[in-house]
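Participant: I'd like to ask you about the structure that follows.
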Amino acid sequence: MLRLYVLVLILLVIGCESAPTSTATSSATGRSTASPGALLVFATWAADSKVTNGPEPGYKPGLSGLTGHDVQSASVLTDATGSTWLLSISFTTRGANRFAQLTRDNVAACPGNPATTASANCAPRHLGMWLGLTQRDIDRWEDPTFVVKVSQPYELGCLIGGSPSAVCSKFISDPITIQEITGGKMQIACGCTEQQINELAAAINSSKSS
């Protein structure tokens, strides 16, 4: 299973996974390959008592307006130890501004230190990351069977080559925002293979301007 964790600049942003991640980065050069795209989508969370499962039970995602179209580039690095693959995302100017606003709003939703204050770890403080999530998907979020499938780790093969009626897994990660993030860059640490991380970067790059 592809395991993803989110780091932004040098700030560790703890996702829903439990394994540790490194805050260091390296100067490794990312590779670019030709690949059909799968649009990266960032989603907020809104309360909905009819939602019984998914990454945030009791909440359904909402399109944030930040997508792969706001990505300038996605590349692959490794951490300082060379043992962890990192997906590095640079946003356009519009994307950087939108990302900063989203993280600011996330922190304001339930202020405090999530590491020491339980109330500071509310669902609206998380920023969901998906591939190909649409409003049509969100409109079905009260269907538990549908949500279970869509919320599984993303399947590039289904997203890129599946039929229009196929229900594909689309989930990447659901990190909590520690503080407002400016600078227009973020990194995702991936407990995955080199092939998997390169395929993800290629898919994001191929869809960013489509």
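The values are calculated or read from the model by the stated rules, or taken from the named source; none is laboratory data. Note that the structure is a prediction, hence the values are computed from the model and not measured. Counting neighbours? That spans all protein chains shown, and the Cβs are built from the backbone with ideal geometry, glycine included.
Participant: Name the pairs whose Cβ atoms lie under 7 Å apart, with the first residue in the range 93-105 and more than 11 Å from Pro124 (Cα to Cα) and free of Cβ contacts under 8 Å to residues at least 12 places away in the same chain, the second surrounded by fewer than 16 Cβ atoms within 10 Å (Cβ to Cβ) and not polar (S, T, N, Q), and 6 or more positions between them or separate chains?
Facilitator: none
Participant: Let me ask another. Is there a residue being out of contact with any His (no Cβ under 6 Å at 6 or more places or on another chain), of a type outside the set (Val, Ile, Thr), surrounded by fewer than 16 Cβ atoms within 10 Å (Cβ to Cβ) and over 29 Å from Ser73 (Cβ atoms) anywhere in the range 96-108?
Facilitator: First, pick out the residues of the range 96-108 that are out of contact with any His (no Cβ under 6 Å at 6 or more places or on another chain): 96-108.
With the extra rule that they be of a type outside the set (Val, Ile, Thr), the set shrinks to 96-102, 104-106, 108.
With surrounded by fewer than 16 Cβ atoms within 10 Å (Cβ to Cβ) added as a condition, the list becomes 97, 101, 104, 108.
Filter once more, keeping what is over 29 Å from Ser73 (Cβ atoms): 108.
For the range 96-108, residues out of contact with any His (no Cβ under 6 Å at 6 or more places or on another chain), of a type outside the set (Val, Ile, Thr), surrounded by fewer than 16 Cβ atoms within 10 Å (Cβ to Cβ) and over 29 Å from Ser73 (Cβ atoms): present.
Participant: Could you please give the count of residues in the range 171-210 that are touching a Cys at 6+ places or on another chain (Cβ under 9 Å) and closer than 19 Å to His126 by Cα? I'd like the intermediate steps shown before the answer.
Facilitator: Taking the range 171-210 as the starting set, the residues that turn out to be touching a Cys at 6+ places or on another chain (Cβ under 9 Å) are 173-176, 196-197, 200.
From what's left, closer than 19 Å to His126 by Cα: 173-176.
Total meeting the criteria: 4.
Participant: Additional query: Would you check which residues across the range 136-177 are over 25 Å from Cys190 (Cβ atoms) and among the basic types (Lys, Arg) and list them? Reasoning before the result, please.
Facilitator: Keep residues of the range 136-177 that are over 25 Å from Cys190 (Cβ atoms), which gives 136, 138-146, 163-165.
Across the range 136-177, the qualifying residues are Arg136, Arg140.
Participant: Identify, from the list Ser90, Ser75, Ser83, the residue that is at negative phi and part of a loop (DSSP other than H, G, I, E, B). Walk me through how you get there before you give the answer.
Facilitator: Details: Ser90 fails: part of a loop (DSSP other than H, G, I, E, B); Ser75 fails: part of a loop (DSSP other than H, G, I, E, B).
After ruling out the rest, the residue left standing is Ser83.
Participant: So which of Ile178, Ile204, Ile188 is in a helix (DSSP H, G or I), hydrophobic (A, V, I, L, M, F, W, C) and closer than 22 Å to Thr103 by Cβ?
Facilitator: Numbers: Ile178 fails: in a helix (DSSP H, G or I); Ile188 fails: in a helix (DSSP H, G or I).
That would be Ile204, the only listed residue that is in a helix (DSSP H, G or I), hydrophobic (A, V, I, L, M, F, W, C) and closer than 22 Å to Thr103 by Cβ.
Participant: Within the range 49-59, can one find any residue that is surrounded by 21 or more Cβ atoms within 10 Å (Cβ to Cβ), closer than 18 Å to Gln179 by Cα and not β-branched (Val, Ile, Thr)?
Facilitator: No.
Participant: Test Arg125 against the criterion of being of a type in the set (Lys, Arg), under 30 Å from Gln196 (Cα atoms), modelled with pLDDT of 95 or more and under 14 Å from the mean Cα position of the chain (by Cα), and give yes or no.
Facilitator: Working: of a type in the set (Lys, Arg): yes; under 30 Å from Gln196 (Cα atoms): yes; modelled with pLDDT of 95 or more: yes; under 14 Å from the mean Cα position of the chain (by Cα): yes.
The answer is yes for Arg125.
Participant: Within the range 116-145, which residues are under 21 Å from Ile176 (Cβ atoms) and in a loop (DSSP other than H, G, I, E, B)?
Facilitator: Selection gives Thr116, Thr117, Asn121, Cys122, Leu127, Leu133, Trp141.
Participant: Quick one: which of Gly183, Gly191, Gly162 is more than 18 Å from the chain's Cα centre (by Cα) and surrounded by fewer than 18 Cβ atoms within 10 Å (Cβ to Cβ)?
Facilitator: Details: Gly183 fails: more than 18 Å from the chain's Cα centre (by Cα); Gly191 fails: more than 18 Å from the chain's Cα centre (by Cα).
Only one candidate qualifies: Gly162.
Participant: A further question follows. Does at least one position in the range 22-42 carry a residue that is buried (at least 19 other Cβ atoms within 10 Å of the Cβ), under 17 Å from Ile181 (Cα atoms) and at pLDDT 50 or above?
Facilitator: Checked the range 22-42: at least one residue is buried (at least 19 other Cβ atoms within 10 Å of the Cβ), under 17 Å from Ile181 (Cα atoms) and at pLDDT 50 or above.
Participant: Now, a different point. Please give the number of the condition Ser207 fails out of (1) farther than 14 Å from Val41 by Cα; (2) of a type in the set (S, T, N, Q); (3) surrounded by 22 or more Cβ atoms within 10 Å (Cβ to Cβ).
Facilitator: (1)
Participant: Output yes when any residue across the range 146-164 is outside any loop (DSSP other than H, G, I, E, B), free of Cβ contacts under 8 Å to residues at least 24 places away in the same chain and among the charged types (D, E, K, R), and no when none is.
Facilitator: Yes: one or more hits.
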